[in-house]
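Take a look at the structure set out below.
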Amino acid sequence: MVEEFRRAGREMKEDSDRVRLWRPILEQYDPTMVGECEKAIAWSREVARDLLRSGMFSAAPDADARVDRVLHGLIDHPVTKAHARHLPIETVREIGFAMQALEDDPALHDAVLSVHNTALLTFMNTPAFRLIENQDGLSFIQADVPNL
């Protein structure tokens, strides 16, 4: 959205005939939408930076550089091109994440797939839409049950 807004500004400045093309597109947006998008992007960067700095890279001597590299690789829309884009593990490692493939640990891989498949079956066959369970066996299941 922010990219599109900036592109519209550039194109209309370069060629006034482009105003007719961009006007109906820009009229769809609330006047404060670009500002809200910019704030959301800044906030997501701040949260990601803090979490990476205090978590994955907390012991790294070059933590700030590694965090910057990860943020650039994951948050910059011109780089990722889509919010929900799947990134292969090789790409994620190149970005700078310190991670191990699930497939490298067969027992862990099997356990994660079991939990994943169990959750999918629950969501597909019950009205449940949220599952939370802790290591002590305490669980919370939220379901969309119609009023009777």
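Points worth noting:
- Residue satisfying all of: in segment 66-97; more than 19 Å from A40 (Cα to Cα) and touching a residue at least 24 places away in the same chain (Cβ under 8 Å); farthest from the chain's Cα centre (by Cα) among these: R66
- Among the residues of segment 79-104, those identified as in contact with a helix residue (DSSP H, G or I) (Cβ under 9 Å, 6 or more places away or on another chain) and of a type in the set (D, E) are E94, E103.
- Considering segment 133-148, and only residues there that are among the aliphatic types (A, V, I, L, M) and assigned to a loop (DSSP other than H, G, I, E, B), the residue that is surrounded by the fewest Cβ atoms within 10 Å (Cβ to Cβ) turns out to be L148.
- Restricted to helices (runs of 4 or more DSSP H) entirely inside segment 72-132, those with at least 1 residues that are of a type in the set (G, A, S) and at pLDDT 90 or above are 106-125.
- So A59, is it without any contact (Cβ under 8 Å) to a residue 12 or more places away in the chain, assigned to a helix (DSSP H, G or I) and surrounded by fewer than 15 Cβ atoms within 10 Å (Cβ to Cβ): no
- Only listed residue being hydrophobic (A, V, I, L, M, F, W, C) and either surrounded by 15 or more Cβ atoms within 10 Å (Cβ to Cβ) or farther than 30 Å from A101 by Cβ (or both), chosen from V67, V47: V67
- Complete set of residues in segment 6-38 that are assigned to a helix (DSSP H, G or I) and either of a type in the set (K, R) or exposed (fewer than 10 other Cβ atoms within 10 Å of the Cβ) (or both): R6, R7, R10, K13, E14, R18, R20, R23, P24
- Test result for E38, in contact (Cβ under 8 Å) with a residue 24 or more places away in the chain and of a type in the set (D, E): yes
- Applying the set (1) in contact with a strand residue (DSSP E or B) (Cβ under 9 Å, 6 or more places away or on another chain); (2) more than 30 Å from Q142 (Cβ to Cβ) to A60 leaves exactly one unmet item: (1).
- For R49: the one exception among (1) without any contact (Cβ under 8 Å) to a residue 40 or more places away in the chain; (2) part of a loop (DSSP other than H, G, I, E, B): (2)
Condition check ((1) of a type in the set (D, E); (2) within 18 Å of the chain's Cα centre (by Cα); (3) more than 24 Å from V112 (Cβ to Cβ)) across all residues:
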residue	(1), (2), (3)
E3	yes, yes, yes
R6	no, no, yes
R10	no, no, yes
K13	no, no, yes
S16	no, no, yes
L21	no, no, yes
D30	yes, no, yes
L51	no, yes, no
S54	no, no, yes
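The values are calculated or read from the model by the stated rules, or taken from the named source; none is laboratory data. Computed from a predicted model, the values in this text were never measured in an experiment. In this analysis, Cβ positions are derived from the backbone assuming ideal geometry, glycine residues included, and neighbour counts consider all displayed protein chains.
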